[in-house]
Number of protein chains: 2
Amino acid sequence: MFKTEICELFGIEYPILLGGMVWIGRAALAAAVSEAGGLGLLAAGGMTLEEIEGDIREIKKHTKKPFGVNIPLMRPDAAEMIDVSISGGASVISTSAGSPKRFTGMIKDRGCRAIHVVSSVPFAEKSAEAGVDAIVAEGFEAGGHNGFDEIATMALLPQVVDAVDVPVIAAGGIADGRGFVAALSLGARGVQMGTRFVATHESAAHQNFKDAVLNVTDSGTTITGRAIGPTRGIKNRLTEKIHDAERRNVSREELLDLIGEGRSAMASVNGDVEEGSVYCGQIGGMIKEIKSVQDVIDDIIAEARDVVDSVKMLIAE
Amino acid sequence: MFKTEICELFGIEYPILLGGMVWIGRAALAAAVSEAGGLGLLAAGGMTLEEIEGDIREIKKHTKKPFGVNIPLMRPDAAEMIDVSISGGASVISTSAGSPKRFTGMIKDRGCRAIHVVSSVPFAEKSAEAGVDAIVAEGFEAGGHNGFDEIATMALLPQVVDAVDVPVIAAGGIADGRGFVAALSLGARGVQMGTRFVATHESAAHQNFKDAVLNVTDSGTTITGRAIGPTRGIKNRLTEKIHDAERRNVSREELLDLIGEGRSAMASVNGDVEEGSVYCGQIGGMIKEIKSVQDVIDDIIAEARDVVDSVKMLIAE
C-alpha cells in the first residue's frame, strides 16, 4: 500500500520518514520507525561520534530493517559523522542546514543514499545538481529549524516537484492520513514527520515536552530568531523573552544566548518547557494522544486509504 | 465531477470560489468565475455602494448563475453593502476581517448564504457559532490580508475541519489540480483561489501586476505589517521600505502611510508595482501563464481527476 519510488530507493515498506530531531530522535525512536516499516533517522546533531556509534549499535539490536542518520552540516565534524554512520550500518544519510555538495559524492560512493532537506526551490535545485537521491521539502509550518523564506508546504511542495527530477519528500504540517494523501497529491513521493513522532512512547522527549505537544493549539507555536536562524517552537517564557529582545534590537551575542542549542536540550532532555526551546510544528494542535510508533504508522496508512476512497467518490462519472 | 456539499449549498457546478480581491475581483472576473461553474465573488472592499450596484448589474448581464459579494467587515457601511448586494441579486455573502456575528442573521434571513474567512481554529469556532453556512480557512501562504497567527494551510485546514460542523473551504497555496485534491484530502469541501485568478484575461489587475505574478518565484513574496495588520505581497521597493520602517520601530502613523489601502490601488489599478502593494500568494511562483477563467477551472478539474487516479494507483491491493 502506497508504494512509491521512495520505498524502492530506501528498501522500506511505507514512504514515511522520521524527521531529524536532535535529542529526541535517539536509537529507540529511529529503530521503532524503521521496524514499523518507515525509515528511522537517528538525529545525530547533538551527539558525539562515540554516541552515534553507540546509538547505531542499539538500533541494530531492535531492527534488521534499513535506517538512516540525519546530520546537520553546520557541525565541523560532519564528514566524520557521515563516516561512522555508514561504517556502523546506516544506509541513508540525511543532511540539512548547509550545502550537500561536499558530501553527496562521499555518501553515494559508499553505496548509501543521500537525501537533503530544503526550504525553497533554489536549494532544491542545488541539491539535485549535487546528485542527491531524494529531496525533503520542508515548509514553514514545521517545528524546529525553519527556512528564511518562510514558504509553506502547500506552496513549496508542487514548486519543488516541478523544479527537480529526483523524488521529493514532504515535511511540515503532516501528522495523519489526510496530510499524507495531501502530500502525495501535491506530487510528493513520501512524507517526513517530526512532531507526530515526538508524541510516541518511543520518543526520547521528556514527558513535559510530550505533554506540551498534546496541549498546544493551532496558534500555539511561533517563530523566533527570524533574522539569524529561524526556529519554530511552542510559545513559552523563552519565546516571549526572545521576541522582546528582537523588538529591542539587541546584539547578535545577546540573542544567541537565548536561542543557542543548549535551549533545545533544556526542554527535550531536562523537561524545562518554559525556559527551553520546545520545538513543535503547527500541526501539533491536532495531536491529542501519545501512541506507539507502530500505531502512528498503521493509523496513517489506514486513514490514508479511506481518504483516497472518499476523494475518489467525488468523481461522479 | 467533484460535487461536494459546497456545490449544493451555492448551486454551483464546481466547488471553486474566487477569493475577494479588492480592485481586481470586479464584475468581469466575478461573472467569469460563476459562468465557468465556480462561485464568483465581487470584491466590494474598495467600492462605493453605487459601484457595487453597478458591478452587480454588469455581472448579471454576463451570467445567469449564482454569484456572491465579499465584504470586509472593517467597512463602517458593511450593513448597507450587504443590503445592496442582496437586493441586487447576490445569493452568497462572504465576509472577512471582523466578526461575522452581527451580520450572519441578516444575511440568512434574506435567503442568502453566509460564509466567513478565518485564519485560526478559534475564529472558525466563533463563525460556526454565529451560524455561517460555510467557513473559508485561509493559510499563511495566501496573498493579501493575512492572519496574525501565521498558520499555514496544511496545518490549519484539518484542525478547522475537526473543530466545526459546517463545510470548510480551503484558501492559501492553491492554484492547480494538485492543490485542489490536496485540499479535499485534508477535509475541505471546496477551494478558494485568489492569485491564480489574478493572472486571467478577465481579472481587472493592471498588466504590470499580472506580469509581476508571472515573474515571481517561490520566495518572492513577503509579509509586511506583521504587528498591526499583516499582508502578503511581492517583494518590491515598498516592502523594503516597510521592513526598514519596522526595524526602526517607527510610529504606527508612519507605518500606516506605507501600508494603507491606497497602496493596493496604486499597484492593482495604476500598475505601480514598485511603490504599490502587489498582493500575491506564495503559489504565485507556480503561475506561468495568463489564461481565461474557463481554462483555469477546466484545467484544475481535469488535472485533479488525474491526480486522484494516480494516488489511487498507489494503493496496491
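Only the coordinates and a few stated rules stand behind these numbers; no lab work does. Please read all numbers here as calculations on a predicted model, not as lab measurements. Heads up, the Cβs are rebuilt from the backbone with ideal geometry, glycines too, and the neighbour counts pull from every protein chain shown.
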Give me the aspartates and glutamates in straight-line cross-link reach of A:Lys64: C-alpha distance below 14 Å, same-chain residues under 8 apart excluded. A:Glu13, A:Glu35
Go ahead and estimate [θ] at 222 nm for the protein assembly as shown from helices alone: -39,500 (n - 2.57) per DSSP H run with n ≥ 4, summed, over the residue count, rounded to 500. -12500 deg cm²/dmol
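Quick check on chain B: what does the Kirkwood estimate of hydrodynamic radius come out to from the alpha carbon pairs, in Å?
19.3 Å is the Kirkwood radius here.
Indicate the helices, whole DSSP H runs only, in chain A that combine a mean Kyte-Doolittle hydropathy of 0.0 or more with a Cα extent along their long axis of 24 angstrom or more.
Details: long enough: A:293-312 (28 Å, 0.22).
Taking the DSSP H segments of chain A (at least 24 Å long, mean hydropathy at least 0.0), we get A:293-312.
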Around B:Gly190, which amide H atoms from residues at least 5 apart in sequence, or from another chain, sit under 5 Å from its own amide H, with H modelled in the peptide plane? B:Ala170
Quick one: compute a quarter of the convex hull surface over the Cα atoms of region B:1-104 and quote it in nm². 6.0
For the pair A:Ser310/B:Gln207, report the inter-label distance in nm, with labels modelled 7 Å from Cα in the Cβ direction. 4.7
Where in region B:207-225 does the amide nitrogen come within less than 13 Å of the point 7 Å from the Cα of B:Val250, taken along Cα to Cβ? B:225
With the charge dipole of region A:13-204 built from beta-carbon charges (+1 for Lys and Arg, -1 for Asp and Glu) about the Cα centre, the Cα from A:Thr63, A:Ala155, A:Ile107 projecting farthest to the positive end belongs to A:Thr63
I need the chymotrypsin sites (Phe, Trp or Tyr not before Pro) found in region A:139-204, filtered to DSSP loop residues with at most 16 other beta carbons within 10 Å of theirs. A:Phe148
How large is the charge dipole for region A:32-160, taken about the Cα centre, if only the Cβ atoms of Lys, Arg (+1) and Asp, Glu (-1) carry charge, to the nearest 20 debye? 440
Choose one of B:Asn236, B:Gly19, B:Val166: the residue whose Cα lies farthest towards the positive end of the charge dipole of chain B (beta-carbon charges +1 Lys, Arg; -1 Asp, Glu; about the Cα centre). B:Val166
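Taking the Cα centre of the protein assembly as shown as origin, work out the dipole magnitude from +1 charges on Lys and Arg Cβ and -1 charges on Asp and Glu Cβ, in debye rounded to 20.
Working: 62 positive and 88 negative charges, 1 e Å.
About 0 debye.
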If the cut-off is a Cα-Cα distance under 16 Å, which lysines reach A:Lys235, setting aside same-chain residues fewer than 8 apart in sequence? A:Lys210
Mind pulling the per residue volume of the convex hull built on the Cα atoms of the protein assembly as shown? Å³ is fine. 133
Can you give me the Cα centroid spacing of region B:127-189 and region A:58-135 in angstrom? 35
Give, as a single signed number, the net charge of other residues whose beta carbon lies under 13 Å from the beta carbon of B:Arg237, with Lys and Arg counted +1 and Asp and Glu -1. -2
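Using C-alpha positions alone, give me the convex hull volume of region A:207-282 per residue in cubic angstrom. Walk me through the numbers on the way to the answer.
Numbers: hull volume 5.5 nm³, N = 76.
Enclosed volume per residue, from the Cα hull, is 73 Å³.
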